[in-house]
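The values are calculated or read from the model by the stated rules, or taken from the named source; none is laboratory data. The shown structure was predicted, so the numbers you read here are calculated from the model rather than taken from an experiment. Positions of Cβ are backbone-derived with ideal geometry, glycine not excepted, and every protein chain shown enters the neighbour counts.
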Amino acid sequence: MKGKVKKTEKVANGMFMLQFEAPQGFNVRPGQFVSILCPDLTLRRPFSCADFEDGAVTVLFKLKGKGTSFLAGLQPGDEIDFVGPLGNGFDISDKHALVIGAGVGIAPVYFLNKFLKQSHFVGAFKSEDEVPKDFEPDEVIIGGTILDHLERLIAEHKPEIIHACGPSVVLRAITRCGVTSQIAMEKVMACGIGVCKGCVIKLNRGGVVQNATICHDGPVFDGGEVVWE
């Protein structure tokens, strides 16, 4: 489907925000993603939705290569070709939640946090200039790792559930902290629809270990089911 660019803006060191109008009737849940076609690249590039409001989709991305350089250069009115929404989404409940986003992983949980009634939203970044403007969480942790603060955050906020997105090392620790968790996993994706099996992980469901694809069966999973290798 086609979208029309509303705004492209640098929001932090090496991080950009792209906002585009989606066709009428389009809708997306927190945790789902879109895949955008970039010129001269065979595979589309997947991006978590950081917001969806008044028919406009917002994505955050780090400047890495040809695809993201193309997106960073888009101007208002430019047309983009995208597929979505893809994947599942977070379960939204009234449980008291601790919401954690590390780096660009802040995107899907920022969107999610807008729907939560009881939450404490934490973002972790390597430096202050990497905190994306207009996406600031309740608490910002600079330097080190969120794992240095996880025990304190749980003790202070006593969450019934943790929603998180970030590097695997962060997500693995969160799933082992003793609190129910939902995690949005990040991985290089090729097809985006579960066909190529390039983003397979293992889940333990009822004692049965089975394969699942992050793009199709996820990217959001019950943290207690993920088998870490």
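Just one residue in the set THR68, THR58 is under 28 Å from THR213 (Cα atoms), part of a helix (DSSP H, G or I) and either among the hydroxyl-bearing types (Ser, Thr, Tyr) or in contact (Cβ under 8 Å) with a residue 12 or more places away in the chain (or both); that residue is THR68.
The residues listed here are ILE154, ILE161, ILE142; of these, the one that is under 25 Å from PHE33 (Cβ atoms), among the aliphatic types (A, V, I, L, M) and either surrounded by 13 or more Cβ atoms within 10 Å (Cβ to Cβ) or in contact (Cβ under 8 Å) with a residue 24 or more places away in the chain (or both) is ILE161.
Of the residues GLU79, GLU128, which is at pLDDT below 95, acidic (Asp, Glu) and surrounded by fewer than 20 Cβ atoms within 10 Å (Cβ to Cβ)? Outline the logic, then answer.
Working: GLU79 fails: at pLDDT below 95.
Unique residue meeting the criteria: GLU128.
GLY65: at pLDDT 90 or above and either over 16 Å from PHE135 (Cα atoms) or outside the structural domain of ASP81 (by TED's automatic domain parsing) (or both), yes or no? No, not satisfied.
Does the range 24-34 contain any residue that is outside any loop (DSSP other than H, G, I, E, B) and either under 16 Å from the mean Cα position of the chain (by Cα) or surrounded by 17 or more Cβ atoms within 10 Å (Cβ to Cβ) (or both)? Don't jump to the end; show me each part of the working.
Looking only at the range 24-34, we keep the residues that are outside any loop (DSSP other than H, G, I, E, B), and these are 33-34.
Checking which are either under 16 Å from the mean Cα position of the chain (by Cα) or surrounded by 17 or more Cβ atoms within 10 Å (Cβ to Cβ) (or both) leaves us with 33-34.
Checked the range 24-34: at least one residue is outside any loop (DSSP other than H, G, I, E, B) and either under 16 Å from the mean Cα position of the chain (by Cα) or surrounded by 17 or more Cβ atoms within 10 Å (Cβ to Cβ) (or both).
Quick one: which helices (runs of 4 or more DSSP H) lie wholly within the range 89-207 and hold at least 1 residues that are among the acidic types (Asp, Glu)? Even if it seems obvious, please write down each step before you answer.
On the way: elements: 106-113, 150-157, 168-175.
Ranges flagged: 150-157.
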